[in-house]
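In what follows, a single structure is set out as structure tokens and then discussed.
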Amino acid sequence: MPVLLHLDSSADLKTSRSRAITASFADTWRNLSNDHTVVYRDLHREPLPYLTDANLHFPAHLRPADASPDAAQELLQQRIINELLGADVVLIGVPLYNYSMPATLKTWVDYIHVPAVTASFGPVETQPMKGRPVVLISTRGGAYDTGTPTEFDDHAIPALSIILRDALGMSLETIISTRTLSERFGAPAAEVTLQHSELAAAHESAIRAARRLG
Ligand SMILES: Cc1cc2nc3c(=O)[nH]c(=O)nc-3n(C[C@H](O)[C@H](O)[C@H](O)COP(=O)(O)O)c2cc1C
């Protein structure tokens, strides 16, 4: 039974591009067969509480002797990690907020990145998600074209790549849609046209990726 873990984090419940593109992926996934299931988590509508104790970044055997993180939050963290471990493919909507990821998504990352549990710590390889695909749907209001001064201003995808690809060992791909605010703020027609074609291409890429990975 192939399981897709689908996460959204946009705070826009009406016109979100990332929600629309992740939906294209998830709908395609569901239609692959009756066995293809989706576990959905809306990190904006139901935000996880921030970590209340730094000791939750480590498993019990790597914590100081006097550590006593909140038991309920530890249980919730275990549930979130189990949700990740149960996924064959992970799909994440990543709107660019202040050149980074939404705080709700960052909090999810804080829950699931645990050295010696989901990521390697020391010489022993601990990467239960190794090789499993993760697809990031990146939406950005502005333009970040190669060779322009803003080329490296998106700090969301690089941070997620370090965690999910390098630390957890997942096979990461990113589908990007930029200039999403161009129409609303009266950008030149060429920019709006580019936005439309990028968005259409992102939907197509999402559909193709779902078929390939499912
Ligand atoms: C809180 C907030 C911060 C934002 N910061 C940026 C930013 O730093 N750079 C940018 O290009 N767009 C920024 N935007 C615009 C969003 O990236 C853009 O609207 C994008 O389409 C959001 O994804 P969504 O359509 O899935 O909601 C910001 C939007 C919000 C709500």
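Where a number appears in this text, it was derived from the coordinates with a stated rule and is not lab data. Being a predicted model, the structure only gives us computed values, none of them experimental. Virtual Cβ from ideal backbone geometry, glycine too; neighbours counted across all protein chains shown.
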note = Listed by chain and number, the residues whose amide H is under 5 Å from that of F121, excluding neighbours fewer than 5 places away on the same chain and using placed H, are A116, T126
key: Debye equation applied to the C-alpha atoms of the chain, log10 I(q)/I(0) at 0.16 Å⁻¹   = -1.10
note = A correct Karplus calculation of ³J(HN,Hα) over the range 160-166, with 6.51 cos²θ - 1.76 cosθ + 1.60, θ = phi - 60°, whole Hz and x for Gly and Pro, returns 5, 5, 4, 6, 7, 7, 7
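Taking the Cα centre of the range 3-213 as the origin, how large is its charge dipole in debye, to the nearest 20, when only Lys and Arg (+1) and Asp and Glu (-1) carry charge on their Cβ atoms?
Working: 18 positive and 24 negative charges, 86 e Å.
With only Lys, Arg, Asp and Glu charged at Cβ, the dipole is about 420 debye.
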Radius, Kirkwood style, for the range 67-151 when every pair of distinct Cα atoms is counted (Å) = 15.3 Å
ask   = Cα centroid distance between the range 51-122 and the range 188-214, in Å?
value = 31 Å
ask   = Which percent, to the nearest 5, of DSSP beta bridges fully inside the chain are antiparallel?
value = 10 percent
remark   = Amide H contacts under 5 Å for M170, restricted to residues at least 5 apart in sequence or on another chain and with H modeled in the peptide plane, are G131, R165
note = For the range 52-63, in residue order, the Karplus 3J(HN,Hα) values (coefficients 6.51, -1.76, 1.60; θ = phi - 60°; whole Hz; Gly and Pro = x) are 9, 8, 4, 5, 6, 6, 10, x, 3, 6, 10, 9
task = Would you mind counting up the charge near A67? Only other residues with Cβ under 13 Å from its Cβ, with Lys and Arg at +1 and Asp and Glu at -1.
result = -3
key: Cα lying deepest toward the dipole's positive end in the chain, options M101, L43, T15, charges on Cβ   = T15
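Treat the range 135-211 as a sphere of radius equal to its Kirkwood radius over Cα pairs and apply Stokes-Einstein at 25 °C in a medium of 0.890 mPa s; give the translational diffusion coefficient in µm²/s, rounded to a whole number.
Values: Rh = 13.6 Å.
Answer from the Stokes-Einstein relation: 180 µm²/s.
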remark   = CD proxy, 222 nm, the chain: helix-only mean residue ellipticity via -39,500 (n - 2.57) per DSSP H run with n ≥ 4, per residue, nearest 500, stands at -10500 deg cm²/dmol
inquiry  = Tell me the angle of helix 103-112 to the major Cα principal axis of the chain, expressed in degrees between 0 and 90 and rounded to the nearest ten.
reply    = 40 degrees
request  = Would you mind calculating the relative contact order of the chain from Cα pairs under 8 angstrom and at least 6 residues apart, reporting the percent as a whole number?
outcome  = 24 percent
